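Reviewing the structure listed below.
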Amino acid sequence: MHEVSQLLERMVNRGVKPTVVTYSILIEQMLKEYAFDDAQKVFDQMVSLGYKPDVCTYTSFLLAYCNRDMLTEAEDVMTKMNEDGVQPDLMTYTILIDGYARGGFINQAFDIFKCMVDAGCDSSHYTYSVLIKHLSKEKWLMESTTRT
């Protein structure tokens with residue numbers, strides 16, 4: 001990731017001003033490697049320079065946290081989005097639904113689904129597929145424990 005940071009510095013030194021998209025891509029790549037501290041530093045730098053993170057920036061953090069079963073941190077991202085006036089989108093909600101359901105918290109996943117609908121965010125076939133997948137697993141697990 002050091003090379004990526006150097007590239008950003010070189011870009012700035014040559015007079016090419018980064019955008020929110022530039023920073024978001026950099027953050028996303030760091031988070032794919034679970035470099036949470038490095039990604040947070042870039043996020044903080046972006047904000048200190050006056051850039052406002054968008055839904056993609058926050059969703060990158062959310063995905064990385066959910067992939068590591070760091071659901072408390074994922075919730076913190078949702079809280080920060082709300083504080084910053086950034087509206088979660090379908091992908092944001094679906095990632096969080098999947099994270100909770102994968103962690104065995106199917107009721108919380110449905111609570112998030114309800115919040116999504118209440119916020120006026122239309123669900124998609126993918127969101128329903130995530131819920132069906134986890135409900136099927138939950139049912140299978142329940143049935144297997146009652147058979148023994």
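The values are calculated or read from the model by the stated rules, or taken from the named source; none is laboratory data. Computed from a predicted model, the values in this text were never measured in an experiment. Heads up, the Cβs are rebuilt from the backbone with ideal geometry, glycines too, and the neighbour counts pull from every protein chain shown. For the accessible areas, the whole protein counts, side chains as well, though only heavy atoms, and no ligand, DNA or RNA atoms are used. Shrake-Rupley method; radii C 1.70, N 1.55, O 1.52, S 1.80 Å.
When we screen Thr72, Thr94 for residues that are under 22 Å from Leu131 (Cα atoms), open to solvent by 70 Å² or more (accessible area, probe 1.4 Å), touching a helix residue (DSSP H, G or I) at 6+ places or on another chain (Cβ under 9 Å) and hydroxyl-bearing (Ser, Thr, Tyr), the only hit is Thr72. Within region 97-109, the set of residues being open to solvent by 80 Å² or more (accessible area, probe 1.4 Å) and part of a helix (DSSP H, G or I) comprises Arg102, Asn107.
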